[in-house]
Amino acid sequence: MNNTKLKSILYKSNLTKDEILYLLSLTEEEEIAQLYNHADEIRKKYCGDDVHLRGIIEFSNYCDQDCLYCGLRRSNKKLERYRMTKDEIISTAGMITQAGLKTVILQSGEDHFYSKSLVSDIIQSIKEKFDPAITLSIGERGRDEYDEWKKAGADRYLLKHETANEHLYSTYHQQEKLKSRLAHIKYLKKIGFQTGSGNIIGLPGQTIEDIADDILLCKEMDCDMCSFSPFIPSNDSPLRKIPPANIDLTLKTIAVARIVLNDVHIPATTALSTLIDGGKELGLKVGANVIMPNFTPLPYRENYQIYKNKKTYDPLEYLDELKVMLVRIGRKVGKEKGHSLKLMLNQ
Ligand code: SAH
């Protein structure tokens, strides 16, 4: 098959929204394969064969927010809530660095129990003892808190825009405004955090145009990391009856995002591997270059139920399997911290 339109789009440097929509709408197997191959070439050009591993600690499942799609939402009274102590968090960070990983992601619901000073203490202790890159993924907080945590040594902040459609954003976030979310991301970037954004694919009411806008918004925001992750229903949320995201659309989104965004880190997410066996490998083959192994200790991890059937494993066994998989697909574990590709270009 010789689709010249597809070829000409793939080799353009600035894709229009219509061209992005064309790629996301491909249905012919051969054409989709061409899209994936091209995304993989772009990944190789900008990221090389290194796959960066970020060890994640889900340290609290308390949340002040009530996002309709999320199992951690404050209205979910069925979830058993937990908080890890400062010492537990620090020793888990030690396990991550001991396993050779160079980034620790601290993730939680929006939980103000962890005050400005407590989060600072945790960041400082982890940095002093183990010196990894630290990513915070703890929701929307005050500007004074962001300032303090940057000073304490945090390197990166993940705060997904979730959906670029303002109406959908307000529907799913109790009338909150997308504009306000974006203002947080812009502020984080301004004070020197490497920032991560991204979407959820497959929210009810979302169109393919919205997904094209998600990719374009990541470009406009000039984020360093972008996560395109499939929706999976949580049994204890209002969206419990909604089917999970389409896997092909998720993979196409990752591929198109790589082609449009070039030098960003894109994870093959746990949600993707929950949706399909071998999901991480599939993601890595169509443009992703990051994996976030979960180090949350048992029994806490069983209660970090953002969505149902979240994949769970022993992190050290998982790392062994992962390394074998990476060799099989011609990739390797990144030995460095895997900072923003944009910073590296500017150095
Ligand atoms: N509270 C923090 C981080 C924890 S939630 C924050 O709001 O940033 C981490 C991510 O889980 C969210 O950004 C969201 O994109 C994702 N998520 C939540 N519910 C989900 C679901 N049902 N399916 C897929 N991803 C979901």
**Study point:** Within region 74-101, considering residues that are under 21 Å from L136 (Cβ atoms) and hydroxyl-bearing (S, T, Y), the one nearest to the ligand (Cβ to nearest atom)
**Key:** Y82
Exercise for review: Return yes or no: is C47 in contact with a Cys (Cβ under 8 Å, 6 or more places away or on another chain), crowded, with 17+ Cβ neighbours inside 10 Å and touching a residue at least 24 places away in the same chain (Cβ under 8 Å)?
Suggested key: no
Exercise for review: Would you mind finding the one in K151, K129 that is at pLDDT 95 or above and under 21 Å from L343 (Cα atoms)?
Suggested key: K151
Practice item. Taking A268 as the residue in question, decide whether it is away from the ligand (no atom under 13 Å from the Cβ) and touching a Phe, Trp or Tyr at 6+ places or on another chain (Cβ under 7 Å). Key: no
Check your understanding: Does region 249-259 contain any residue that is among the β-branched types (V, I, T) and either free of Cβ contacts under 8 Å to residues at least 24 places away in the same chain or not in a helix (DSSP H, G or I) (or both)?
Key -> no
**Study point:** Condition met for G71 (within 16 Å of the ligand (Cβ to nearest atom), touching a residue at least 12 places away in the same chain (Cβ under 8 Å) and either more than 20 Å from the chain's Cα centre (by Cα) or assigned to a loop (DSSP other than H, G, I, E, B) (or both))
**Key:** yes
Check your understanding: Does region 56-68 contain any residue that is away from the ligand (no atom under 16 Å from the Cβ) and surrounded by fewer than 23 Cβ atoms within 10 Å (Cβ to Cβ)?
Key -> no
Review point. Considering region 93-125 alone, what residues qualify as being crowded, with 23+ Cβ neighbours inside 10 Å and among the polar types (S, T, N, Q)?
Key: T103, S108
Study note, to complete from the structure: Taking region 323-342 and the residues there that are part of a loop (DSSP other than H, G, I, E, B) and more than 18 Å from I96 (Cα to Cα), the one that is nearest to the chain's Cα centre (by Cα) would be S340
Exercise for review: Filter the strands (runs of 3 or more DSSP E) completely within region 127-243 down to those with at least 3 residues that are within 10 Å of the ligand (Cβ to nearest atom).
Suggested key: 194-201, 225-230
Exercise for review: Kindly indicate whether any position in region 325-335 is of a type outside the set (G, A, S), at pLDDT 95 or above and touching a His at 6+ places or on another chain (Cβ under 9 Å).
Suggested key: yes
Review point. Between residues in region 148-171 that are over 17 Å from I138 (Cα atoms) and free of Cβ contacts under 8 Å to residues at least 12 places away in the same chain and residues that are more than 9 Å from the ligand (Cβ to nearest atom) and part of a loop (DSSP other than H, G, I, E, B), which pairs lie under 7 Å by C-beta distance while being six or more apart or on different chains?
Key: S170/E176; S170/K177
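The values are calculated or read from the model by the stated rules, or taken from the named source; none is laboratory data. Everything quoted here is computed from the prediction, not taken from an experiment. Note: ideal-geometry Cβ built from the backbone for every residue, glycine included; neighbour counts use all protein chains shown.
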